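Taking it in order: structure first as structure tokens, then the write-up.
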Amino acid sequence: YNLNSIKNNSNNISKTNNQEASLNKNNIVKTINYNTFNKASSKNSIKKVKGLVNILDIDRSIVVDLKYATKDNFTGIVLYKSKICLLRESTAIKLKNVNTELKKMGYRIKIYDGYRPPSVQKIMWEKAPDKRYVANPYKKGSVHSKGCAVDVTIVDKYGNELEMPSKFDEFSIKASRKNPNMSTNAKKNLELLTNIMLKNGFKYINSEWWHFEDVDKDKYEIVEIDPSKF
Ligand SMILES: C[C@@H](N)C(=O)N[C@H](C)C(=O)O
Ligand SMILES: [Zn+2]
């Protein structure tokens with residue numbers, strides 16, 4: 001961050017009525033009022049670091065269950081110190097729109113993973129150097145490290161996950177969208193998830209049914225942040 005440009009920027013923004021910004025010594029920009037694209041948070045102050053926000057500051061009704069903050073993941077070890085899910089601000093707003101549609105049907109989105117520090121991507125690659133399932137951190141890296149990818153499923157009003165083709169991070173043909181043995185119910189639920197995600201500005205990959213990427217991911221760079229210090 002260039003402090004002067006942020007200062008100038010914040011001065012400019014604060015002169016408009018619909019968005020204000022302020023700086024503190026940790027390089028954190030606080031933006032106020034999102035009334036152009038986010039009515040629900042128009043009165044809230046949203047903390048933003050290097051373009052990333054806490055998804056719960058954008059939509060508190062989203063279910064966050066970061067599997068890499070637990071041992072229940074393909075590495076068997078805790079990879080994240082924090083259970084906070086960070087996302088690129090514009091990606092977070094798209095996911096809020098997905099959740100708003102799902103809530104009308106009595107469902108909600110549940111997040112298994114969002115922003116992932118590049119240092120964690122390296123550990124994952126050591127454990128599973130297979131580019132179908134883990135992005136190579138020594139090449140382009142992961143879209144998760146831009147805060148522009150989400151690993152998600154749908155839950156019902158009791159928080160129960162809908163049936164999907166496989167468990168999260170089950171690195172096999174079962175996780176593939178081309179799995180020929182998908183149950184009818186899993187197929188229907190995945191179709192619902194996919195259609196709503198595509199409609200709201202995400203795209204999918206074939207090898208992992210849970211993984212979606214913001215269509216605008218190429219506008220953004222990989223960032224290194226420690227979410228436990230957010
Ligand atoms: C590790 C898995 N959940 C995942 O996110 N894979 C994609 C391809 C990635 O590493 O970006
Ligand atoms: Zn993913």
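Working carefully through the options Ile154, Ile173, find the one that is β-branched (Val, Ile, Thr) and exposed (fewer than 15 other Cβ atoms within 10 Å of the Cβ). Steps first, please.
Numbers: Ile154 fails: exposed (fewer than 15 other Cβ atoms within 10 Å of the Cβ).
Matching residue, one of Ile154, Ile173: Ile173.
How about the range 108-132: which of its residues are under 14 Å from His144 (Cα atoms), of a type outside the set (A, V, I, L, M) and open to solvent by less than 50 Å² (accessible area, probe 1.4 Å)?
Scanning the range 108-132 gives Tyr112, Asp113, Gly114, Tyr115, Arg116, Pro117, Pro118, Gln121, Trp125.
Looking at the structure I just gave you, is Asp113 of a type in the set (Asp, Glu) and more than 15 Å from ligand 2 (Cβ to nearest atom)? I'd like the intermediate steps shown before the answer.
Values: of a type in the set (Asp, Glu): yes; more than 15 Å from ligand 2 (Cβ to nearest atom): no.
In short, no.
Would you check which residues across the range 118-149 are more than 10 Å from ligand 1 (Cβ to nearest atom) and polar (S, T, N, Q) and list them?
If the condition is that a residue be more than 10 Å from ligand 1 (Cβ to nearest atom) and polar (S, T, N, Q), then Ser119 is the only one that fits.
Could you check the range 60-93 and list, in sequence order, the residues that are of a type in the set (D, E, K, R), part of a helix (DSSP H, G or I) and more than 16 Å from Trp210 (Cβ to Cβ)?
Taking the range 60-93 as the starting set, the residues that turn out to be of a type in the set (D, E, K, R) are 60, 65, 67, 71-72, 81, 83, 88-89.
Filter once more, so that each one left must be part of a helix (DSSP H, G or I): 67, 89.
Result: Glu89, single match.
Out of Trp209, Trp125, I need the residue that is within 16 Å of ligand 2 (Cβ to nearest atom) and either touching a residue at least 24 places away in the same chain (Cβ under 8 Å) or in contact with a Gly (Cβ under 8 Å, 6 or more places away or on another chain) (or both). Which one? Reasoning before the result, please.
Working: Trp125 fails: either touching a residue at least 24 places away in the same chain (Cβ under 8 Å) or in contact with a Gly (Cβ under 8 Å, 6 or more places away or on another chain) (or both).
So the residue among Trp209, Trp125 that is within 16 Å of ligand 2 (Cβ to nearest atom) and either touching a residue at least 24 places away in the same chain (Cβ under 8 Å) or in contact with a Gly (Cβ under 8 Å, 6 or more places away or on another chain) (or both) is Trp209.
Would you confirm whether any residue within the range 177-189 is small (Gly, Ala, Ser), within 16 Å of ligand 2 (Cβ to nearest atom) and farther than 21 Å from Lys103 by Cα? Even if it seems obvious, please write down each step before you answer.
Start the filter on the range 177-189 by keeping residues that are small (Gly, Ala, Ser), which leaves 183, 186.
Going one step further and asking which of them are within 16 Å of ligand 2 (Cβ to nearest atom), we end up with none.
For the range 177-189, residues small (Gly, Ala, Ser), within 16 Å of ligand 2 (Cβ to nearest atom) and farther than 21 Å from Lys103 by Cα: absent.
Each row is one residue, and each column tells you yes or no for (1) small (Gly, Ala, Ser); (2) open to solvent by 40 Å² or more (accessible area, probe 1.4 Å); (3) under 20 Å from Tyr112 (Cβ atoms).
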site	(1), (2), (3)
Ser183	yes, yes, no
Leu190	no, no, yes
Asn195	no, yes, yes
Gly201	yes, no, yes
Asn206	no, yes, yes
Asp216	no, yes, no
Tyr220	no, yes, no
Glu224	no, yes, no
Ser228	yes, yes, yes
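The values are calculated or read from the model by the stated rules, or taken from the named source; none is laboratory data. All figures in this text were calculated on a predicted structure; none of them were measured in a lab. Positions of Cβ are backbone-derived with ideal geometry, glycine not excepted, and every protein chain shown enters the neighbour counts. Accessible surface areas use protein heavy atoms only, side chains included; no ligands, DNA or RNA. Shrake-Rupley method; radii C 1.70, N 1.55, O 1.52, S 1.80 Å.
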